[in-house]
């Protein structure tokens, strides 16, 4: 393998592992706000119990997410020096904004969230929970803005010549609101909400199957199931709007997503299939003209195919892009079906009777994680051969001073360390889930033992 491919594999591995945790933090944070808000509104201890329990799991995901995210910043300098030189001014602005407006907010309230129970007022603790969640949301804003700028650059000009050329911000807000940032951010946020929401559903469905924490679990599902049903439907709209943006700004990527080769012809939409890159054909189940209709409400609307672009300017792994994209869509549709069925049965009061569906809900936590990963793979591989679309090729962005041996050694080392971290995460997560929520109702109203002084007085 070349240095370029090894560098891409290493960065993809570290990002993929890191991306398990921030979506969970964002999704869990919002549900914690809903649980604690319900406690403030109703005064029912069951919501307090839920908020305290999920705060512990949030802390676990937050901690590992921070630790695994640091590695990527070093990789920018070690493996992608030419890229870092080119985008340094852009990324510097976005990451500085993340530190000032997001991480400071999140970490500032984190201590109150974790250790403020019974030390600050209920209202203050709710504000801290809200602050931590908003901090995680704002953190996603600036990371997605930086990545979206690579997809659709705006608000900049180029300075320097040759190897010293770099992009420099000329309009900060044009850089922030580049053509794809809002669509990609909304899509990312909803993916995070689904990851956190289905984890909560999974755990409490497992409790119901085991006959444990019945009241707490029913309350959790009564909030989480309608929540994921609504946001999974919303993901359809954000995904469609994002695809329209890709058609306008990155037409070669859109062609790869559907395996569309013809220069300017109506484009089919595939439910599933397999791309034969050598013969430039796709075998599978399709809706003839479906992609054309989604873009222009006309089954005959011409869509530029991969052959409309020079070979060096279009993605090479078309079948991989196609498969990852369609797996993401399939999982998204499955989540809509699962959540709507569960909501309907919940509304009728019959969810608890359907053990098979509870078992499906237990395993459903894996699906949003897979969809998030597959969507990211499709987006990044579909952008190739550009690391900054239309400006900097991936082949010109990596560090020439890094050898294959160094990359292989560090990749193996990362694999070992991250495997240990993931094992630790699963162990601690399982330990907290098996322990379960504290039964605060029994604990808080348990009769107190008489003190020695009271016994003496009697």
Screening 259, 245, 239 for residues that are in contact (Cβ under 8 Å) with a residue 12 or more places away in the chain and on the phi > 0 side of the Ramachandran plot leaves only 259
Of the conditions (1) surrounded by 15 or more Cβ atoms within 10 Å (Cβ to Cβ); (2) in contact (Cβ under 8 Å) with a residue 24 or more places away in the chain, the single one that residue 117 does not satisfy is (1)
Checked region 148-192 for anything part of a helix (DSSP H, G or I), at pLDDT 90 or above and within 20 Å of residue 82 (Cα to Cα); matches are 148, 149, 150, 151
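Each row is one residue, and each column tells you yes or no for (1) within 19 Å of the chain's Cα centre (by Cα); (2) surrounded by 18 or more Cβ atoms within 10 Å (Cβ to Cβ); (3) under 19 Å from residue 191 (Cα atoms).
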| position | (1), (2), (3) |
| --- | --- |
| 16 | yes, no, yes |
| 19 | yes, yes, yes |
| 29 | yes, yes, yes |
| 32 | yes, yes, yes |
| 35 | no, yes, no |
| 38 | no, yes, no |
| 44 | no, no, no |
Could you check how many residues of region 313-344 are within 29 Å of residue 208 (Cα to Cα), in contact with a strand residue (DSSP E or B) (Cβ under 9 Å, 6 or more places away or on another chain) and surrounded by 18 or more Cβ atoms within 10 Å (Cβ to Cβ)?
-> 0
What are the pairs, 6+ residues apart or on separate chains, where a residue within region 429-442 that is at negative phi and buried (at least 16 other Cβ atoms within 10 Å of the Cβ) has its Cβ under 6 Å from a residue that is modelled with pLDDT of 60 or more and in a loop (DSSP other than H, G, I, E, B)?
-> 437/213
Hey, residue 54 crowded, with 19+ Cβ neighbours inside 10 Å and within 26 Å of residue 178 (Cα to Cα) or not | no
Flag for residue 273 being over 24 Å from residue 152 (Cα atoms) and crowded, with 19+ Cβ neighbours inside 10 Å = yes
Select, from 231, 216, the only residue that is buried (at least 18 other Cβ atoms within 10 Å of the Cβ) and under 26 Å from residue 431 (Cβ atoms).
-> 216
Among the numbered criteria (1) within 29 Å of the chain's Cα centre (by Cα); (2) modelled with pLDDT of 90 or more, which single criterion is violated by residue 295?
-> (2)
Hey, residue 347 surrounded by fewer than 21 Cβ atoms within 10 Å (Cβ to Cβ) and either farther than 30 Å from residue 200 by Cα or in contact with a helix residue (DSSP H, G or I) (Cβ under 7 Å, 6 or more places away or on another chain) (or both) or not = no
Hey, any hits in region 220-232 for a residue that's under 25 Å from residue 387 (Cα atoms) and modelled with pLDDT of 90 or more?
-> no
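The values are calculated or read from the model by the stated rules, or taken from the named source; none is laboratory data. Everything numeric in this text was worked out from a predicted model, so none of it was measured. As a convention, Cβ positions derive from the backbone with ideal geometry for all residues, glycine included, and neighbour counts pool all protein chains shown.
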